[in-house]
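In what follows, a structure is listed as structure tokens, so that the remarks can point back to it.
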Amino acid sequence: MPRPPQKSPRSSGVVPAGDPLAGLDFASGANPVRRALDDPARGVWLYQGNCLEVLDALADRHPDGVFDMIFADPPYFLSNGGITCHAGKMVKVDKGEWDKSRGADLNHEFNTEWLRRCQRVLKADGTIWVSGTHHVIFSVGYAMQQLGFKILNDITWEKPNPPPNLSCRYFTHSTETILWAAKTEKSRHCFNYQVMRQIAGGKQMKSVWRMTAPKSDEKRLGKHPTQKPVGLVERCILASTNEGDLVLDPFLGGGTTAVAAMETRRRCVGIELEDGNIKLAARRAAHAATLFNQSTNPEEKCRDAHSPSPMATD
């Protein structure tokens, strides 16, 4: 879990076009931030560091906001010593220190603080997508209401083939929730209705999305314990942004948002604290062209499992 920042970094002068963080001096802070990937040609900039500190620096530099969209997959706080089934074997749920709960009050305080900072760096009409299980999503939704976001939809991501519940004392966990919210009640958010209708086979897209977990080709360079399928993030990006828009992921993990942004021709800033994760994200972003079939339209890859083929709309 990111540690609270000690102080904001200093600016070294004029902001160059492209990377909204370019020119900021993070080296003198208590928690140094380093650039892990700089790809201006594709508009992708990845940073290793405390997302709270980086978001504070962004808000200071861009008081009116700079991002058109944020996709956040924050800690779920579910690493509590439980068990699950993976590849037919019983394994521990523990994903790392960053995912361990510190109690409901401190968990909610953390969610409120990172959401507050995300709200500051969104443009006036920008939106945020936050994924989570029941361990965290109710806190996220409450914090959004406290901060004045406008919740637009709660998306249910249904996994067709979830791991079984080994205890046989609960229903099998087969869904995650993704909250979509605008910066304020007055935001005039972007929604590409016709694109979503085309992906849904000519019908209005519903708020239940049926998609498989990431497949082997998405884990070719390594995997993250809470990795999302590229198609899921691509759908969020296609729904709420236009080509060339700037996307932020404050909990970048294995870099799925960066890959999805590149494939949909959006720009992306990603922030990740863990060393192994940011290295994986940089590898995936740098080699995105070799991971996926670039001749396929993004709209094709983010269809529901077993959904009808897209059809032309009026």
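Taken together, the values in this text are just the output of simple stated rules run on the coordinates, not laboratory data. This one's a predicted model, so the numbers in the text were calculated from it and none came from an experiment. Neighbour counts run over all protein chains shown; Cβ positions are idealised from the backbone, glycine included.
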Reduced Cα scattering model of the range 102-246, Debye log10 I(q)/I(0), q = 0.11, 0.12, 0.13, 0.22 Å⁻¹: -0.49, -0.59, -0.69, -1.46
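So, with +1 on the Cβ of K and R and -1 on the Cβ of D and E, and no other charges, what is the size of the charge dipole of the range 235-281 about its Cα centre, to the nearest 20 debye? Don't skip to the answer; put the middle values down first.
Numbers: 5 positive and 7 negative charges, 37 e Å.
That gives a dipole near 180 debye.
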GLU53, GLU300 arranged by Cβ crowding within 10 Å, fewest neighbours leading: GLU300, GLU53
Distance between modelled label sites at LEU106 and ASN242, nm, 7 Å Cα→Cβ extension: 4.5
Approximate spin-label separation ASP60-ARG188, in nm, with each point projected 7 Å along Cα-to-Cβ: 3.3
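For a footprinting-style exposure proxy, rank LEU252, LEU106, LEU152, LEU52 by other Cβ within 10 Å, fewest first.
Numbers: LEU252 32, LEU106 12, LEU152 17, LEU52 21.
Ranking LEU252, LEU106, LEU152, LEU52 by Cβ neighbours within 10 Å, fewest first, gives LEU106, LEU152, LEU52, LEU252.
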Three-way shape label, the range 122-200, alpha-carbon gyration tensor, a/c 1.5: oblate
Exposure proxy ranking, count of Cβ atoms within 10 Å, fewest first, for ARG266, ARG188: ARG188, ARG266
Amide H within-cut-off set for VAL44, under 5 Å, with H built and near neighbours excluded: ASP39, CYS268
